[in-house]
Structures are given as C-alpha cells and as structure tokens.
1. When N is the residue count of the chain, what does its C-alpha Rg come to as a fraction of 2.2 N^0.38 Å?
2. Which of the DSSP-defined H helices in the chain satisfy a minimum axial length of 30 Å, computed from C-alpha atoms, and a minimum mean Kyte-Doolittle hydropathy of -1.0?
3. Over the range 1-64, with a single point scatterer placed on each C-alpha, what log10 of the ratio I(q)/I(0) does the Debye formula yield at q = 0.29 1/Å?
4. Given +1 on the Cβ of Lys and Arg, -1 on the Cβ of Asp and Glu, and no further charges, what dipole in debye does the range 62-172 carry about its Cα centre, rounded to the nearest 20?
5. For the range 87-182, list log₁₀ I(q)/I(0) at each q in 0.16, 0.21, 0.25 Å⁻¹, using the Debye formula over Cα point scatterers of equal strength and ignoring solvent, two decimals each.
6. Sort Glu12, Glu71 by Cβ crowding within 10 Å, fewest neighbours at the top.
Amino acid sequence: EPAMILSVLDVEELHVTEQRLSEALDRERELNRVQQQLVSVVSHELRTPLAVIDSAVQRLRRHARVWSEDEIDNRLEQLRYKVQKLSKLSESLLDAARLDEGRIPFRPTAIKLDEWLGRIVQQQQELATANPIFLQRGLLPEEFFGDPQLLEQILVNLIGNAVKYSPHGTPVSVDARIVEQRLRLTISDQGLGIPLAEQSQVFERFFRASTTLAIHGTGLGLYICRQMAELHGGTIDLQSVPGLGTRVTVELPLAHALD
Ligand code: ADP
C-alpha cells in the first residue's frame, strides 16, 4: 500500500530528524558548559589575581620610600610570580583555542630522547623544590620523531600537575620506555587522586576534579595534552585512586616518521 509505505518513510525521517535535533542539543549543552566554565575561570583565575596585583602595585608606590631594598625586591618578585601565572593562563586559553581550530603548527623533528628527557625533568625539578622527581628510562631509541615543543608542553603539564596535586615531599616519577613500537611516557604521583566517577571527564575542557578544587587551576592542561598527543597519532590515559595517587600514560607511535 503506497499510503503505508509513505507513513513508514515518514516515521523513519522523523527518527532521523529527532536524532539530529538531539545531537544539536548535546552540542548546544556542551557549548553552554564550556562558556559557563570560561566565565568562571576568567573570574577566578584572572580577575582575582589582577586585583591582587593592582593593590600590590599601589602599596609599593605608597610605601616604596620607607621600605628597605630587600623588602621591595621581595614584593617585586611576588608580583612577577603572579604576572607569570597570568601569562601562563593566557597561553593556555590561546593554545586551547588554536588546537580547536587546528591552528597549532605541528613540526616534527628528530629528538635526542635521552638528553631531551633529562633536560626537561631537571628543569622541572628546579621549579618544584618540594617534591623529588625521579626519571627512569627503559631501553630507548637514540632518536624519536615528534614535535619537541608540543612534547615538552605535554611533559611539563603532566609533571606540573603531579607536583601541584601532591603533598610536599612525596615523589613524582617519570618513566620512558618503548612498548610495542610506541614510546610510552608514564608520570606518576602519590597525591590527591581523582574519584573514579570523574576520571573519564578530566580530558574535557575546563573540567576540574572535586578532590582538587582548593588548588588553583583552569582545567585546560589535560585537554591541551590530549590534543597534542593526538597530533602525534598518540593517546593519553589516566588512572587514579583518591588518596593514593595518579598515573598518566602517554603513548606515541614510533612509526610517525614514515607518515
Ligand atoms: P588544572 O590543573 O589547570 O586544573 P588540568 O586540565 O591539567 O587542569 O587537569 C584537570 C583536572 O584533573 C585538575 O583540575 C585536577 O582536578 C585533575 N588532575 C589532573 N592531574 C592530576 C593529578 N596528577 N592528581 C590529581 N588530580 C589531577
């Protein structure tokens, strides 16, 4: 019966329309969430430190004549630290936006792995004086083909998180080895950890775990890391137990040079 066929088609079309609508709604919800988070990040992580900087500068101007040189130095150093944090935040926001638009240049070259890992871990250790950072190396090829800037950013972000979300004195470890034709980088800590129910969300833009809300952050670092790992054809995963610690694993294919 033609009428019946028509109505069957209608129903199918309706299903398709319904599905498209619900997908559009999901996208809309995701956009809303990201927008709300952006506003909250801008207000907490940008407005507050700016106000602090502003009043510190005013105090300096008012009292500089009676303060000792050491005191002034000290306060200027604190100011510089706050300004650096703000500029890191603006870098993260820009990186995330550029990654979304595919505008981050991907420039792979041969990286001398051993030297490169040693240098980055040493630099991070100089910044993170309260936690020892251990570097373990399995059997590694002399060179790895990847974008040194992006890979450094991944490593710095992950070591930074491990230190930031761990009690003073607890060790952070970085392990590099080849597993099944992939370079596997593992960054582990004995810190706060992330509740199981939240672990699948940590790579989303602006997501922050409930265990770490008392510590400053933007929720952009892991999102950026994931995008940068994916630019290399790689993956990033996280395992965590609240109160025990977190382990993030990055795997990057060795064969990328052949692409
Ligand atoms: P940020 O650290 O700026 O908040 P990230 O995107 O790097 O943003 O991390 C997202 C969230 O994942 C963090 O806010 C924190 O809740 C959680 N997280 C990431 N790394 C760790 C870690 N090593 N230990 C505990 N929580 C972590």
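1. On the way: Rg = 23.3 Å, N = 259, 2.2 N^0.38 = 18.2 Å.
Here the answer is 1.28, to two decimals.
2. In the chain, the long hydrophobic H runs are 2-41, 69-100.
3. After summing over all Cα pairs, the log10 values are -1.05.
4. On the way: 14 positive and 16 negative charges, 83 e Å.
Dipole magnitude for the range 62-172 comes out near 400 debye.
5. Listed by q, the Debye log ratios stand at -0.80, -1.16, -1.29.
6. Numbers: Glu12 10, Glu71 13.
Ascending number of Cβ neighbours within 10 Å: Glu12, Glu71.
No lab work stands behind these numbers, since they all come straight from the coordinates. All of these numbers come straight from a predicted model, not from anything done at the bench. Virtual Cβ from ideal backbone geometry, glycine too; neighbours counted across all protein chains shown.
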